[in-house]
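Novice: Mind having a look at this structure? Questions to follow.
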């Protein structure tokens, strides 16, 4: 859930409630790219700073989660079929910027014959930076994925017999 916009009082405890944080937080705990606020988080007044001057004003309209719409495409040769998004191959996303890591999303698809959901980012990020995402209400924890690096990308895979993305239309994807 996003923090309120201007005109509504906002406190350090509200920021802690959205992003988490230490028991006695200070604004210095909430620089973007730090322990609690992901790189690239923006709100009503632009991006949350990574250093320098920071104020509660920077957090109006920000959210610890990111929502992306997947326009479902498909790729493969029977019986192997993947549904979702594969950069340059099939489907599309409302944005390919992945805020928690600041990377570019190159894949989010489910493959039928191996019953696997795959998510991949360009670059090497390690198995960190985000905790969970849901696709059409189906939750997937980062810690229950198999993490690997493949050809210049970070990749997470989950074994799931049912297709959380669907075979056509759009899918709602929320990352926390």
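Novice: Test each condition in (1) more than 20 Å from residue 108 (Cβ to Cβ); (2) in contact (Cβ under 8 Å) with a residue 24 or more places away in the chain; (3) loosely packed, with under 15 Cβ neighbours inside 10 Å for residue 69 and report the one that comes out false.
Specialist: (1)
Novice: Here's something else I'd like to know. Mind counting the residues in segment 75-110 that are crowded, with 17+ Cβ neighbours inside 10 Å and either part of a strand (DSSP E or B) or assigned by TED's automatic domain parsing to the domain that holds residue 47 (or both)?
Specialist: Final tally of qualifying residues: 15.
Novice: I've got another one for you. Could you say which residue among 29, 115 is outside the structural domain of residue 156 (by TED's automatic domain parsing) and at pLDDT 90 or above?
Specialist: Selected residue: 29, the only one of 29, 115 that is outside the structural domain of residue 156 (by TED's automatic domain parsing) and at pLDDT 90 or above.
Novice: In addition: So residue 113 passes all but one of these: (1) over 16 Å from residue 158 (Cα atoms); (2) in a loop (DSSP other than H, G, I, E, B); (3) over 16 Å from the mean Cα position of the chain (by Cα); (4) in contact (Cβ under 8 Å) with a residue 24 or more places away in the chain. Which condition number does it fail?
Specialist: (1)
Novice: With 131, 62 as the choices, which residue is crowded, with 20+ Cβ neighbours inside 10 Å and either within 30 Å of residue 9 (Cα to Cα) or free of Cβ contacts under 8 Å to residues at least 12 places away in the same chain (or both)?
Specialist: So the residue among 131, 62 that is crowded, with 20+ Cβ neighbours inside 10 Å and either within 30 Å of residue 9 (Cα to Cα) or free of Cβ contacts under 8 Å to residues at least 12 places away in the same chain (or both) is 62.
Novice: Return a yes/no flag: does segment 138-161 have any residue that is in contact (Cβ under 8 Å) with a residue 40 or more places away in the chain and assigned to a loop (DSSP other than H, G, I, E, B).
Specialist: Within segment 138-161, one or more residues are in contact (Cβ under 8 Å) with a residue 40 or more places away in the chain and assigned to a loop (DSSP other than H, G, I, E, B).
The values are calculated or read from the model by the stated rules, or taken from the named source; none is laboratory data. Everything numeric in this text was worked out from a predicted model, so none of it was measured. Note that each Cβ is placed from the backbone with ideal geometry, even for glycine, and that neighbours are counted across all protein chains shown.
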